[in-house]
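Asker: One structure is given below, represented as structure tokens, and several questions about it will come after.
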């Protein structure tokens, strides 16, 4: 649904960024015009079903998608692909797990391959497409999805994120890449060092823009969009995908997207209905024990907590109950976080404990249970956490462990999220409702190589070399050399 044209905005201050205002579109006259447009398109009938081969994509791209078992697009992909492939700016609202990555990724790669009158050759330090995401984990997820498709077209994808050596990322960008998937802070670092220029960018994507706003990245995002402004005769195509459009995201839409094609599917209420929401009322002294009983289930389980310390503490408690669990939060290095995610995806351990910020990039298939160990701050965080399950049309269960004094707050969260849960009062270990959840889930078969640490980033520890002539570890010196250590009692 197009917006009403008007005169472009101009910088309001002499100190505005150099490219501020260039190619920006005006604000709609009504503040709720954007929301009305999204509601209108969401209510439209589903487009006619099509296969990926019917969108005019490069044959190599269609072949790779077919090898991955992808023949027909999801709803958001069916809506977005025609406009995005045609080069229009796109605003799309869809919940997490609905297929947004391919909705923007396929058009990006297809348009770069076609060239559309522009060069198809990589230039050092000058990417041709940019995907901005809120977290390192999401950057890795997006790059992992796009890389095999890009490879089939002779294109290169790289990530530019914090928490990893910057020198290696600078080297990769300077060697020439087609698509950069980046978090805002690290991308600005590379730009300030002169290692990455955005003057050749043809397509810019903001993925999960609402989470970019949550984490305070919007000022940095504006600097990036201004730097990737293109030229009057060669405007940059921009796509913005988000689950919600509040917290300043609507201003970015109005300021930077030119007459965007608006698409929306699966509002949060629809997603909530695809899940089985339950509330277990627990006493404080029973909460850890109930969590451990649930965590011992055969399927993957994702626990959410409020704080970094709380994540480590819960993982430790579960370990004492003989339930292997990994924790991810902001105090962990990027390598530690990625190893934990890879291991969780591989099925060992089957339990992951996460804080809200660290979980922004958790896109793991077959997570059929999410547990709110600590209640979220608001209903949007509740929906985001819960969205880690019931992905891509699958079903899932969401359990909130609430102490008696939290019932009123939880009821408000569910009301705002349009969720009607099943509530079980005062449960403890062995309660039938707890046992039902604890026995749910399909058992995960773990590759033996994962258990040996040979896959998913973990390498088996090599034995340390002993200096020549040194006694074996544990040996005690004797009259005639090393004496074997005694067997442990």
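Asker: With a cut-off of 8 Å between alpha carbons and a minimum separation of six or more residues, what is the relative contact order of region 269-449 in percent?
Answerer: Taking the mean separation of contacting Cα pairs over the length of region 269-449, I get 38 percent.
Asker: Could you tell me which of rounded, prolate or oblate describes region 140-232, using a ≥ b ≥ c as the square roots of the eigenvalues of the alpha-carbon gyration tensor, with rounded for a/c under 1.5 and, failing that, prolate when a/b is larger than b/c and oblate otherwise?
Answerer: It comes out rounded by the Cα gyration axes.
Asker: I would also like to ask the following. By how many nm would the segment from residue 231 to residue 86 lengthen if fully extended, with 0.36 nm per residue of separation less the alpha-carbon distance?
Answerer: My answer for the length gained is 50.3 nm.
Asker: Taking a ≥ b ≥ c as the square roots of the eigenvalues of the Cα gyration tensor of region 33-265, is the shape rounded (a/c under 1.5), prolate (a/b larger than b/c) or oblate?
Answerer: oblate
Asker: Counting only DSSP beta bridges with both residues in region 33-265, what percent are antiparallel, rounded to the nearest 5?
Answerer: 10 percent
Asker: Another question, if that's okay. What shape does region 269-449 have by the C-alpha gyration tensor, where a ≥ b ≥ c are the square roots of the eigenvalues, rounded means a/c under 1.5, and otherwise prolate means a/b greater than b/c and oblate the rest?
Answerer: It comes out rounded by the Cα gyration axes.
Only the coordinates and a few stated rules stand behind these numbers; no lab work does. The structure displayed is predicted, hence computed values, not measured ones.
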